[in-house]
Amino acid sequence: MIKTIKVQDLAIGMYITLPVSWFKHPFLKNEFIIISQDQIDRIIDHGITEIVIDTEKGERTDAHPAGGPANVPPKTWTPEKLVPPELREAIHDKTLPPDKKSKLVYESSRVLVDRLFEDPKTENIREAKKSISEIVDMIIADDATSRELLKITSYDFYTYTHSVNVGVFSVLLAKSVFKGSDAHDMHELGAGFFLHDIGKVRIDPAIINKRGKLTEEEMYTMKSHPYQGYKILKETNQLTEECMIIVMQHHEREDGSGYPRSLKGEQIHAYGRICCIADVYDALTSERPYKQKLSTFEALKLMKEELLNHFHQELFQKFVFLFTQ
């Protein structure tokens, strides 16, 4: 049964249809089941007052009165359905202007990573890596579209959006750093950058989406996601040297304050250093349940003045240059 309700009456478990276009709200899809209170809060924050629900596709569940996740079965995807056709069409369409191509590639990439994180089985990771390779080739060859990608990245806090943002930023930085060198497998680097947070699929969403400071136990769990990512790629036989380095080192810091191994200075590979910079930048410029986003200028200024000991300085300067060209 289709009916319209006030957003204040939304509840976890309801299947909703948003009344505005995709670029006017922070969600990847216009129709979905509400699985957290945070989604309801974000709908309200975006000024939506009424919303359509379908009681045949979803309903309120009282199984989680404290606001926990609804009893929604996990989605499964076949490799044939995993990659949105718009992604490859946009990448290979030479008639598309850079601004339109970048938007299509970006949004399709978010769909791809969202689906992969819902069902990260072997054949899906393999299929996703093929598409990521095509994205990498486009970024390397098409400077105009690459510049547009820097402008249109979305800044919500969803893991799939963050993964695409970090993937784009990292590939652009690697392109700048390794330009003219044949010593690096950019396809595997791209896969590592886009999948750096795949271990979060094994972390309780309540911890990832918590609207306050994590407890010591929750932080310990969160810090396990690099190793969980390593395990997923190893179990699915997709663990190349590049992917292993990036997944395991993207939270290491130059001053030794990072995790999981507290590596310091030259102990950290260039690939891990690149992903670290992109990861921190995106975290600062994205909305989070516990903070407001910073502008590009504010984020880079903070990274330079307060966090510079976290990064390899030459790589950080090259990263800053990406936004000043």
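The values are calculated or read from the model by the stated rules, or taken from the named source; none is laboratory data. Owing to the predicted nature of the structure, the values given are computational and were not obtained by experimental measurement. Using ideal geometry, Cβ is built from the backbone for each residue, glycine included, and neighbour counts are taken over all protein chains shown.
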Examine the range 224-231 for a residue that is in contact (Cβ under 8 Å) with a residue 60 or more places away in the chain and either over 17 Å from the mean Cα position of the chain (by Cα) or assigned by TED's automatic domain parsing to the domain that holds Lys121 (or both), and state whether such a residue exists. no
Matching residues, the range 180-205, being part of a loop (DSSP other than H, G, I, E, B) and surrounded by fewer than 18 Cβ atoms within 10 Å (Cβ to Cβ): Gly180, Ser181, Asp182, Ala183, His184, Asp185, Asp204
Among the candidates Val111, Val168, Val136, which residue alone is without any contact (Cβ under 8 Å) to a residue 60 or more places away in the chain and either buried (at least 16 other Cβ atoms within 10 Å of the Cβ) or assigned to a helix (DSSP H, G or I) (or both)? Val136
Just give me the residues in the range 75-105 being out of contact with any helix residue (DSSP H, G or I) (no Cβ under 6 Å at 6 or more places or on another chain) and of a type outside the set (Asp, Glu), in sequence order. Thr76, Thr78, Lys81, Pro85, Arg88, His92, Lys94, Thr95, Leu96, Pro97, Lys100
Of the listed residues (Ile140, Ile152, Ile132, Ile208), the one being farther than 29 Å from Lys231 by Cβ, in the same structural domain as Phe297 (by TED's automatic domain parsing) and under 15 Å from the mean Cα position of the chain (by Cα) is Ile152
Residues of the range 260-294 satisfying the condition of being crowded, with 18+ Cβ neighbours inside 10 Å, in a loop (DSSP other than H, G, I, E, B) and out of contact with any Asp or Glu (no Cβ under 7 Å at 6 or more places or on another chain): His269, Leu294
Among the residues that make up the range 164-180, is at least one of them within 17 Å of Arg110 (Cα to Cα), touching a helix residue (DSSP H, G or I) at 6+ places or on another chain (Cβ under 8 Å) and of a type in the set (S, T, N, Q)? yes
